[in-house]
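See structure below.
The values are calculated or read from the model by the stated rules, or taken from the named source; none is laboratory data. What you are looking at is a predicted structure, and each value in this text was computed from that prediction instead of being measured. Reconstructed Cβ throughout: ideal geometry from the backbone, glycine too, with neighbour counts over all protein chains shown. SASA here: full protein model, heavy atoms, side chains in, ligands and nucleic acids out. Shrake-Rupley method; radii C 1.70, N 1.55, O 1.52, S 1.80 Å.
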Amino acid sequence: MTPAFDTVIRGGTVVTSGGAFRSDVGIRGETIAAVGLDLGTAGHEISAADRLIMPGGVDTHAHIQQLSASGKLNADTWESATTAAAIGGTTTVIAFAAQHIGMNLSKVVEDYSALARAGSLIDYTFHLILADPTPETLAEDVPALMKQGYASIKIFTTYERMKVDDEHVLDVLLAARANRALVCVHAENHGVIKWMTKRLVARGHHAMKFHALSHPRTAEIDGIERMVRLSALLDQPVMIFHVSTAEGAAVIRRARGEGIKIFGETCPQYLFLTDDDFDRPGAEAAKWVCSPPIRTPADQDALWRALALGDLQTISSDHAPYRFDESGKLASGPNARFDQVPSGMPGIELRMPLLFDAMVSRRRLGAAKFVELTASVPARLYGLHPRKGAIEPGADADIVIWDPDRETVISDAMMHDNTGFTPFVGRTLRGWPSTVLIRGNVVVDDGALKAAVGSGKFLPRTAGLSADPMGTQVGDHTTMSRMGIPDFLEAMLPAGKRL
Ligand code: URP
Ligand code: ZN
Ligand code: ZN
């Protein structure tokens, strides 16, 4: 007799963003076919006794085999980054196709797609980085790419070679609105960072700890404030990437309270590391250089509160790997100044285990919130739901079976990405992914990799509700109701609406 399911995961506790319950999971082909008890026969049985069954992690911010702002290629290949991701319980990633100045965006996407297609072990898509939003890019490439299923754009307001000024930010927001794309922003005030850096360097303050001082909190607060106001002007939803400060989170909270559609992300480095990590001898501290910088215990508490309250909705890795050698962190030599060190740290492998340890094992916010922040809400925000981030019939069978009791001491040597170190070295984490499935296939079995290189699939998507404007506030209400609506804004009003 043909078994009822290809695979049944039996005897575990399923955790979704709604809560935890004893259940089996039946899989047919690549999808979840049933969630319940006493499921029928299966071709392949997986025991999950004493285990937690959770959706695979959805990491919506990772730099993979990417030409970065500093002009350097990240340390990873798609193969190494997604091997690390799978072993750490992440089954979907949104990486970046990075247009630099002078590049044709469609060609950029083609090139990055070829790399991912050949190398990825997990399912993937891209945010489109726009560093050169020319009229042609916005009028031709962006609409064409949105039709092909790229539903989000990323811009930077800092980094010399990537930053987009206010005028061009507005161009990007308007193009995103016309094409229903979510805009993600690295929001820091470039002038403040440049001004601080110049003065620190001129006074001989070259040590890595000055990286933190060179990106004062004000730079982030102002960067976010400004994006809030530009977003409000055009009623175009914006996601603020990697919020690091208490005040940055508060800006987002206030904006949301005003009815402005702003989303916020933070990352494990801002929840688990502090600027004390810069007090290491010599160049070693370069491993902890990322932007915005790691901050203080008070910021950590504020970020956890913001996650609890829903002011911030996702936790991604911002995986940005550079080796601790002349190819990466030490490209300017062992005595490099803080501002000569490429910014970024690896995190794609440990994002899920670090958060499982904090949220599930140590009970900070709990298991359902862990699923919400690492899988289900990221999937919804970026148009990947219902395929990703859910354990329900019809969803892709992307599942992590967690051993909640396994203790792991983190070492550099155990990491699978190509960085050669982890900033979380020495920590003991409770809870680890024992089995990982992607679309019904076991890709990690008892910690051992089983996936074939190139088995990950591209995920075309539309942006969904998160990118829909509020429909209530376009432009400057009071002035426009007196003076009339300029035609370039009128086109943006919802059908039948007048100011
Ligand atoms: O320091 C970081 N985060 N580097 C990666 C690029 C970015 O800023 O997101
Ligand atoms: Zn960034
Ligand atoms: Zn980033």
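Please state the charge dipole magnitude for the stretch 305-464, taken about the Cα centre, from unit charges on C-beta atoms (+1 on K and R, -1 on D and E), reported in debye and rounded to the nearest 20.
Details: 19 positive and 18 negative charges, 90 e Å.
Its charge dipole is roughly 440 debye.
Please report the carbon-and-sulfur percent of the accessible area for the stretch 287-392; probe 1.4 Å, protein heavy atoms only, DNA, RNA and ligands left out.
Working: 1530 of 3240 Å².
Here it works out to 47 percent.
Leaving out ligands, DNA and RNA, what percent of the accessible area of the stretch 1-139 is carbon and sulfur, probe 1.4 Å? Walk me through the numbers on the way to the answer.
On the way: 2600 of 4770 Å².
Taking all protein chains in place, the stretch 1-139 shows 55 percent carbon and sulfur surface.
Can you work out the Karplus-derived ³J(HN,Hα) for every residue in the stretch 57-69? Use 6.51 cos²θ - 1.76 cosθ + 1.60 with θ = phi - 60°, whole Hz, and x for glycine or proline.
Along the stretch 57-69, the couplings run x, 10, 9, 9, 7, 8, 9, 10, 6, 10, 6, 8, 4 Hz.
Could you please state, rounded to a whole Å, how far the C-alpha centre of the stretch 16-85 is from the C-alpha centre of the stretch 303-317?
About 21 Å separates the Cα centre of the stretch 16-85 from the one of the stretch 303-317.
May I ask for the net charge around Ala302, where only other residues with Cβ less than 12 Å from the Cβ of Ala302 are counted and Lys, Arg are +1 while Asp, Glu are -1? Provide the component values of the computation, followed by the final result.
Values: positive: Arg217, Arg253, Arg295, Arg305; negative: Glu247, Asp299, Asp301, Asp311.
Summing Lys and Arg as +1 and Asp and Glu as -1 gives 0.
With a 1.4 Å probe and all protein chains left in place, how much accessible area per residue does the chain have, in Å²?
That works out to 37 Å² per residue.
Post the alpha-carbon centroid distance, the stretch 233-283 to the stretch 356-405, in whole angstrom.
So the separation of the two Cα centres works out to 21 Å.
First measure r as the distance between the Cβ atoms of Glu110 and Ala139, then evaluate 1/(1 + (r/R0)^6) with R0 = 30 Å and state the FRET efficiency to the nearest 0.05. Please report the intermediate quantities before stating the final value.
Numbers: r = 19 Å, r/R0 = 0.63.
Once the sixth-power term is evaluated, E becomes 0.95.
Quick check on the chain: helices-only [θ] at 222 nm, where DSSP H runs of length 4 and up contribute -39,500 (n - 2.57) each and the sum goes over total residues. Nearest 500, please. If you can, show how the numbers build up before the last one.
Values: 15 runs with 138 residues, N = 499.
Theoretical 222 nm ellipticity from helices: -8000 deg cm²/dmol.
For Tyr322, enumerate residues with amide H under 5 Å from its amide H, sequence gap 5+ or separate chain, H modeled in the peptide plane.
Ala75
Given Cβ point charges of +1 (Lys, Arg) and -1 (Asp, Glu) and nothing else, what value in debye, to the nearest 20, does the dipole of the chain about its Cα centre take?
700 debye
Measure up Lys107/Lys261; Lys154/Lys198; Lys329/Lys457; Lys261/Lys457; Lys72/Lys209; Lys388/Lys450 against 24 Å on the Cα-Cα distance and list the ones that go over.
Checking Cα-Cα distances, Lys107/Lys261; Lys154/Lys198; Lys329/Lys457; Lys261/Lys457 exceed 24 Å.
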